[in-house]
Amino acid sequence: MSLWDWAVRAYAADGVSETCLTLQDVHEQNVPLLLWAAWTAATGRRPDEETIEAAADTARAWDLAAVAPLRAVRRTLKAPIPDIDDPAREAVRSQVKAIELAAERHLLAALEALAPEPDAAPQPPITALAAAARAWGTVTPRAALVRLAERLPA
């Protein structure tokens with residue numbers, strides 16, 4: 001199963017989207033990178049430290065150049081804005097949301113290309129999630145990662 005298909009299925013699982021948003025907004029983690037890490041564990045892939053660092057670098061580049069700026073615009077357009085017609089604002093917000101999703105899809109494709117071939121049995125995702133979180137930031141939000149790991153589909 002492709003990373004995109006797996007990520008869409010995983011994100012739709014009960015409690016996953018809320019946990020991912022907490023990891024993103026409270027713990028400043030990169031959700032596509034975390035989903036990639038969980039997918040590698042679920043599909044029996046074992047990326048080495050260099051591959052995890054390369055994945056974090058790729059996620060950082062996409063986040064800085066496209067995803068974070070698009071998310072900021074989408075969030076700005078969420079609430080009514082004086083002197084901007086609500087239907088027009090919502091139309092633009094929907095377009096920005098679609099472009100943000102497209103950028104995340106391209107990021108996931110780039111991450112999938114970095115993943116090694118499967119060579120082991122599927123593993124619980126927590127170890128892979130923690131490794132990706134460490135590569136992304138200075139603090140590993142272990143409790144939130146455990147909540148995500150518990151909610152991801154098997």
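The values are calculated or read from the model by the stated rules, or taken from the named source; none is laboratory data. Small disclaimer: the values here were computed from a predicted structure and weren't measured. Cβ sites come from the backbone with ideal geometry, for glycine too, and all protein chains shown count toward neighbours. Remember, those area values only see protein heavy atoms, side chains included, never the ligands or the DNA or RNA. Shrake-Rupley method; radii C 1.70, N 1.55, O 1.52, S 1.80 Å.
Before moving on, here are some points about what is shown:
- Apart from one condition, residue 111 fits all of (1) hydrophobic (A, V, I, L, M, F, W, C); (2) open to solvent by less than 70 Å² (accessible area, probe 1.4 Å); (3) modelled with pLDDT under 95; the exception is (3).
- If you go through the stretch 12-36 and keep only what is polar (S, T, N, Q) and not in a loop (DSSP other than H, G, I, E, B), you end up with 17, 19, 22, 24.
- Residue-level check: of (1) in contact (Cβ under 8 Å) with a residue 12 or more places away in the chain; (2) hydroxyl-bearing (Ser, Thr, Tyr); (3) open to solvent by 70 Å² or more (accessible area, probe 1.4 Å), residue 2 misses just (3).
- Checked across the stretch 68-84, the condition of being surrounded by fewer than 16 Cβ atoms within 10 Å (Cβ to Cβ), among the hydroxyl-bearing types (Ser, Thr, Tyr) and over 22 Å from residue 126 (Cβ atoms) holds for at least one residue.
- Candidate set from the stretch 114-138 (those that are open to solvent by 90 Å² or more (accessible area, probe 1.4 Å) and without any contact (Cβ under 8 Å) to a residue 60 or more places away in the chain); member that is nearest to residue 32 (Cα to Cα): 134
- Filtering 41, 7, 13 for residues that are more than 17 Å from residue 103 (Cα to Cα), modelled with pLDDT of 95 or more and buried (at least 21 other Cβ atoms within 10 Å of the Cβ) leaves a single hit, 41.
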